[in-house]
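Have a look at the structure below, then the notes.
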Amino acid sequence: MERKFPDILKIFHDIEVDYADGDGIDFEPYTEFYSKEETSDWIKAWTGNDSLDGSEYLIFGQDGTGGYAAFWLVNESNDILEQPIVFFGSEGEVGVVSVNFAEYVWLFANGIGPYEAVAYPGLERPKNEEFLKFAKKYVPSSESTSVKIIEKAKLKYPDFEKMVDQLCQ
């Protein structure tokens, strides 16, 4: 699969993310994916497992504490945007955030980022107007609530957390 940073992700990451002193979204977007070497170093450090290379993850952003959001390249599709999005927290939090990029966008429209989706999956917040405009323009057919998006991802990939735990040493 090509590791090209999708144009639509660049546009999405141009929208300012407001942390709002803890009442907003805790996310710092990147303008390119972590390199293969950076990803390999990260997964080895995060899991304590030197046999891993992290090639199944494309890291594209982080929260304020250094937890990473990434595409998990698990589907047969060669379209990066159709891959699930996962989060690895700096304190060991881990989980599937959404089944694809379109639903990930709607999390942001609902005021929820990757950290919040994993740490507080039932959290409901007011809509974020800037992300809502983006979602309605680019992915209107994926509109949903944050709770439904997170539940759908967990149902589709129920063993992700267990798999990651088994990789840790």
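Laboratory data are not the source of any read-out in this text; all were calculated from the coordinates shown. Quantities reported herein were computed from a predicted structural model and do not represent experimental measurements. Counting neighbours? That spans all protein chains shown, and the Cβs are built from the backbone with ideal geometry, glycine included.
Quick rundown of the values:
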{"quantity": "FRET E, pair Arg3, Asp23, Förster distance 41 Å, beta-carbon r, rounded to 0.05", "calculated": "0.75"}
{"quantity": "Stretchable slack from Glu56 to Asp159, in nm (0.36 nm times residue separation minus alpha-carbon distance)", "calculated": "35.5 nm"}
{"quantity": "For a label point 7 Å along the Cα-to-beta-carbon line of Ile11, residues of the range 105-122 with backbone N under 19 Å", "calculated": "105-110"}
{"quantity": "Taking N as its residue count, the alpha carbon Rg of the range 7-163 over 2.2 N^0.38 Å", "calculated": "0.97"}
{"quantity": "Enclosed volume per residue, in Å³, of the convex hull spanned by Cα atoms of the range 8-77", "calculated": "106"}
{"quantity": "Selection of GluC sites (Glu not before Pro), the range 116-145, meeting DSSP coil and at most 14 other Cβ within 10 Å", "calculated": "Glu124"}
{"quantity": "Relative exposure of Tyr138, Tyr68, Tyr104, judged by other C-beta atoms within 10 Å (fewest first)", "calculated": "Tyr138, Tyr68, Tyr104"}
{"quantity": "Dimensions in Å of the range 8-47 - Rg and Dmax from alpha carbons", "calculated": "13.5, 34"}
{"quantity": "Projected label distance in nm at Val147 and Arg125, using a 7 Å step from Cα toward the beta-carbon", "calculated": "1.7"}
